[in-house]
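*Asks:* Have a look at the structure that comes next, please.
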Amino acid sequence: MLEVLTGTGLAASAGLNAYIPLLTLGLLARYTDLIDLPSGWTWLGNGWVIAILALLLAVEMVADKVPVVDHINDVVQTVVRPTAGGLAFGAGSSSETVTVSDPGSFFSSHQWVPVVTGVLLAFGVHLLKSAARPVVNATTAGFGAPVASTAEDATSVVVSLVAIILPVLVLAFLLGLVAFVYWFLRRRSERRREREAARAAGFRV
């Protein structure tokens, strides 16, 4: 079960930033003993792959902090983040880590399942991020974009590391995500009612 939590955390992290969980997997596999990638995923620890991921991450981190540009970036990332989520879940859930010693037992008969699961998880988180960012930009005149983006990047880093080192804590992140979704949907509903009430008052005047 721990490998599922590892994959879930990495896929959710990819929904916030496509490159952080993949880069985390590559760096930890190449330079530490915290994770041992299976044969099909060892390319993540290749020096060139790490360098390319680092470059893409730098571009992503800049683009995501500029109002308007962040929206264009989110459109482009609609394909990239779910793809990264599938890769991250597939690699993470099938790797031997400090907490998972027999990762192949859970998905032994359906190797495609973790990849598809990761795609769906990352896509869900990406949709939530993409829906929340315009609200942040509109309510802060764009000044909230770099703050929100930095918070998302930091969350992605923390969740990626936790997913590998202490995957049980991924449950806490998932609970927090559910709470945020509930608050966000409730807030959007309240704002819609307020706009409708304001329009109605304007018509009466």
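*Asks:* I'd like to verify a number: residues in segment 48-64 that are closer than 11 Å to residue 23 by Cα and either in contact with a Pro (Cβ under 7 Å, 6 or more places away or on another chain) or open to solvent by less than 50 Å² (accessible area, probe 1.4 Å) (or both), how many? Please lay out each step first, then the result.
*Replies:* Of all residues in segment 48-64, those closer than 11 Å to residue 23 by Cα come to 49-57.
Now narrow it down to the ones that are either in contact with a Pro (Cβ under 7 Å, 6 or more places away or on another chain) or open to solvent by less than 50 Å² (accessible area, probe 1.4 Å) (or both): 49-50, 53-54, 57.
Residues in segment 48-64 being closer than 11 Å to residue 23 by Cα and either in contact with a Pro (Cβ under 7 Å, 6 or more places away or on another chain) or open to solvent by less than 50 Å² (accessible area, probe 1.4 Å) (or both): 5 in total.
*Asks:* Something else about it: Being in contact with a strand residue (DSSP E or B) (Cβ under 7 Å, 6 or more places away or on another chain) and either open to solvent by less than 60 Å² (accessible area, probe 1.4 Å) or among the hydrophobic types (A, V, I, L, M, F, W, C) (or both) narrows it down to one of 32, 24, 6, 78, so name that one. Don't jump to the end; show me each part of the working.
*Replies:* Details: 32 fails: in contact with a strand residue (DSSP E or B) (Cβ under 7 Å, 6 or more places away or on another chain); 24 fails: in contact with a strand residue (DSSP E or B) (Cβ under 7 Å, 6 or more places away or on another chain); 78 fails: in contact with a strand residue (DSSP E or B) (Cβ under 7 Å, 6 or more places away or on another chain).
From the options 32, 24, 6, 78, the qualifying one is 6.
*Asks:* Please state which one of 58, 14 is free of Cβ contacts under 8 Å to residues at least 24 places away in the same chain, closer than 15 Å to residue 157 by Cβ and of a type in the set (Gly, Ala, Ser). Give the derivation first.
*Replies:* Numbers: 14 fails: free of Cβ contacts under 8 Å to residues at least 24 places away in the same chain.
From the options 58, 14, the qualifying one is 58.
*Asks:* A further question on this structure: For residues that are of a type in the set (Gly, Ala, Ser) and either over 18 Å from residue 121 (Cβ atoms) or not in a helix (DSSP H, G or I) (or both), scanning just segment 143-181, find the one that is modelled with the highest pLDDT. Before you say what the answer is, go through the steps one by one.
*Replies:* Initially, segment 143-181 is screened for residues of a type in the set (Gly, Ala, Ser), giving 144-145, 148-149, 151, 154, 156, 160, 163, 172, 176, 179.
Still in the running and either over 18 Å from residue 121 (Cβ atoms) or not in a helix (DSSP H, G or I) (or both): 144-145, 148-149, 151, 154.
Values: 144: 80, 145: 82, 148: 86, 149: 89, 151: 88, 154: 92.
Restricting to residues being of a type in the set (Gly, Ala, Ser) and either over 18 Å from residue 121 (Cβ atoms) or not in a helix (DSSP H, G or I) (or both), the top hit is 154.
*Asks:* To continue, here is another question. Being closer than 25 Å to residue 90 by Cβ, open to solvent by 30 Å² or more (accessible area, probe 1.4 Å) and in contact (Cβ under 8 Å) with a residue 40 or more places away in the chain is the filter here, so list the residues in segment 170-180 that pass it.
*Replies:* Kept after step one, since they are closer than 25 Å to residue 90 by Cβ, are these residues of segment 170-180: 170-178.
Okay, now just the ones that are also open to solvent by 30 Å² or more (accessible area, probe 1.4 Å), so 171-178.
If the condition is that a residue be closer than 25 Å to residue 90 by Cβ, open to solvent by 30 Å² or more (accessible area, probe 1.4 Å) and in contact (Cβ under 8 Å) with a residue 40 or more places away in the chain, then 171, 173, 174, 177 are the ones that fit.
*Asks:* Test residue 85 against the criterion of being modelled with pLDDT under 90, surrounded by 15 or more Cβ atoms within 10 Å (Cβ to Cβ) and within 22 Å of residue 161 (Cα to Cα), and give yes or no.
*Replies:* No, not satisfied.
*Asks:* Further, regarding this structure: Pick from 49, 80: which is of a type outside the set (Lys, Arg), modelled with pLDDT of 80 or more and within 28 Å of residue 180 (Cβ to Cβ)?
*Replies:* Values: 49 fails: within 28 Å of residue 180 (Cβ to Cβ).
Exactly one residue qualifies, and that residue is 80.
*Asks:* Residues to consider are 107, 184; find the one that is within 22 Å of residue 41 (Cβ to Cβ), at pLDDT below 90 and either in a helix (DSSP H, G or I) or open to solvent by less than 60 Å² (accessible area, probe 1.4 Å) (or both).
*Replies:* Working: 184 fails: within 22 Å of residue 41 (Cβ to Cβ).
Selected residue: 107, the only one of 107, 184 that is within 22 Å of residue 41 (Cβ to Cβ), at pLDDT below 90 and either in a helix (DSSP H, G or I) or open to solvent by less than 60 Å² (accessible area, probe 1.4 Å) (or both).
*Asks:* Out of the residues in segment 88-98 that are under 19 Å from residue 13 (Cα atoms) and open to solvent by 10 Å² or more (accessible area, probe 1.4 Å), state the one that is modelled with the highest pLDDT.
*Replies:* Residues of segment 88-98 that are under 19 Å from residue 13 (Cα atoms), as a first pass: 88-95, 97.
Checking which are open to solvent by 10 Å² or more (accessible area, probe 1.4 Å) leaves us with 94, 97.
On the way: 94: 79, 97: 73.
Across segment 88-98, the extreme among qualifying residues is 94.
*Asks:* While we're here: Counting only residues that are open to solvent by less than 20 Å² (accessible area, probe 1.4 Å) and of a type outside the set (A, V, I, L, M), which one in segment 144-160 is nearest to the chain's Cα centre (by Cα)?
*Replies:* Of everything passing the filter in segment 144-160, 156 is nearest to the chain's Cα centre (by Cα).
The values are calculated or read from the model by the stated rules, or taken from the named source; none is laboratory data. Note that this is a predicted model, so its numbers are computed, not measured. Note: ideal-geometry Cβ built from the backbone for every residue, glycine included; neighbour counts use all protein chains shown. Just so you know, the surface numbers come from the protein's heavy atoms only, side chains and all, with ligands and any DNA or RNA stripped out. Shrake-Rupley method; radii C 1.70, N 1.55, O 1.52, S 1.80 Å.
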